[in-house]
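The structure under discussion appears below in the form of structure tokens.
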Amino acid sequence: MKRWISTGMVAVGMSLAVTACGGGGGGGDYSPAAPSQNTGTGGSGGSGGSSSSTPAAATITISSAGVSPRSLSIEAGQKVTFVNQDSRPHEIGSDPHPVHTDCPPTNTIGLLQPGASKTTSDYGTMRACGFHDHLDPDNAAWRGTILVGTTGTPDPGYVR
């Protein structure tokens, strides 16, 4: 009897372990979403499943031609990943230059070496967040705007 209980417990334990490792339910098919360029919606669309309470990061790419997209609409609470595909470093900061006080989440990017990427903290307040390359602040190619909580042009109530 003692041997059957031990064997039975092992079988139940193994069954639970197999179930927990994937295979069934809603959690077994999770894979992190790759950031998508120019969408700004961070994971809308998709194929069913439950929605996450934290939207995925949107992406801004830096190249020798400048930042792309120059204007990005995201949801409140979303993050933005900056990817440096240029051959030189860029230091991303919030407007206005040189104090960088408008949107603190942008300032978490800082210096990006060629090939590097970093993700901001959450943009929690609906507003327009201007950003620039602190190493070349007057160059319009490396300036842009993140529109938090809207799609398209912000209404006059947006802070900038």
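Every read-out reported here was derived from the displayed coordinates using simple, explicitly stated rules and does not represent laboratory data. Since we're looking at a predicted model, the values are computed, not measured. Here the Cβ is made from the backbone with ideal geometry for all residues, glycine too, and neighbour counts use every protein chain on show.
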Legend entry - Label point at Glu91 placed 7 Å out along Cα→Cβ; residues across the range 104-118 whose backbone nitrogen lies under 14 Å: 107-113
Inset, instruction - Classify the range 87-153 as rounded, prolate or oblate, taking a ≥ b ≥ c as the square roots of the eigenvalues of its Cα gyration tensor: rounded when a/c is under 1.5, otherwise prolate if a/b is larger than b/c and oblate if not. - result: prolate
